[in-house]
Amino acid sequence: MKDILLIPNIKIHNANALSSPYTVGFPAMTAWLGFMHALERKLKTSEFCEVKFKGLIVSCLDMDLQTYKGKGDYVHSIKATSNPLDKSGKRSSFIEEARCDLEITLAIECEIGVIDYEKFTQLIDNKLHTMKIASGDIMSFKPSQHKEVDNHNPRELTKYLMPGFCLVTRQDLMKQSMLEGKDAIDAMLDYLITTSDIHVDENHKITKSKASKKEQGWIVPIAIGYQGISEIGQLKNARDETTPHRFAESMVTLGEFKMPYHFESIDEMIWRYQEYQGDNLYLCQNNYLINNEESKL
């Protein structure tokens, strides 16, 4: 059995949609696990200081990416904010970030012990009012709940995650293409591009086939962590001089949004921090296993 802290229908305003230096969309998994870690730290000064958060499930119920595409435009543009003018009366220089509004349900796996669950969930609700998620403001949420569920009977939990989509990793697709000799970027684009066949007959009539992708499903690029690109050491003028420093870059791979009823166990949906193995990789991991059987529904 698993102890689950369920926080339903969290509405977030202006979350950071710049999930990596070259992808815009659903916030990075590091942002969601970072929120879980921050929430756990807020419990350290309470009577629930022994509670540990081990991983979480993110079910996206709604997402509005703040972009604009005018008539005849080929690409979308980011909706920029209006910032104060500088001393010369000109716009100050800054890097505009993509933002989005979200409604999500979070399910956090806990190591909780025997406690007053009602008092615990009330404290969680109080802490949420003081926090952000993925740099976005928490506008509202339904009261959090404690659930005890069986790992191999996910229907006890997935009914609370519907009608959302849970994000899982599809690194297997990347590995398959890279084994065929493609580099990482080409391997990723191979599964993201949409293709269609166009045929022109003898009468110059154009017929177009239905758009298709290499892999079925809602495949998207996702940021899952960082790779160190310098040695660990000290940095001059750092804010925290006691903590070792290193430069890092984002790690991006493929993921898939799936409705919760597709999963055979709760572990398939959960994201956790991967234990550091000395390979310069700081990653979030998900153990989704591919099941080729058709949906039972």
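Bear in mind that the values in this text are calculations on the coordinates, not laboratory data. Note that the structure is a prediction, hence the values are computed from the model and not measured. Cβ sites come from the backbone with ideal geometry, for glycine too, and all protein chains shown count toward neighbours.
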Qualifying aspartates and glutamates (Cα of each under 12 Å from Cα of LYS208; at least 8 residues distant if same chain):
ASP197
Among the DSSP H helices of the chain, those whose Cα atoms extend at least 30 Å along the helix axis and whose mean Kyte-Doolittle hydropathy is -0.5 or higher are none
Rounded, prolate or oblate (a/c below 1.5 giving rounded, otherwise prolate when a/b exceeds b/c) for region 1-113 by Cα gyration tensor
prolate
When the dipole is taken about the Cα centre of region 156-236, and only Lys, Arg (+1) and Asp, Glu (-1) are charged at their Cβ, what size is it in debye, to the nearest 20?
280
Positive end of the charge dipole of the chain (Lys, Arg +1 and Asp, Glu -1 on Cβ, about the Cα centre): tell me which of MET251, ALA134, TYR191 has its Cα farthest that way.
ALA134
List, in order, the whole-Hz ³J(HN,Hα) value for each residue of region 223-231 obtained from phi through the Karplus relation with A = 6.51, B = -1.76, C = 1.60 and θ = phi - 60°; use x for Gly and Pro.
8, 10, x, 9, 10, x, 10, 9, 6
Full-extension gain between SER46 and ILE206, please, as 0.36 nm times their residue separation minus the C-alpha to C-alpha distance.
50.8 nm
Under unit Cβ charges (Lys, Arg +1; Asp, Glu -1), what dipole magnitude, rounded to 20 debye, does region 76-222 have relative to its Cα centre?
560
Going from the fewest other Cβ atoms within 10 Å to the most, one would list VAL168, VAL200, VAL75, VAL24 as VAL75, VAL200, VAL24, VAL168
In the structure shown, do any of LYS2/LYS119; LYS54/LYS258; LYS79/LYS214; LYS119/LYS142; LYS54/LYS147 have a Cα-Cα gap over 25 Å, and if so which?
LYS79/LYS214
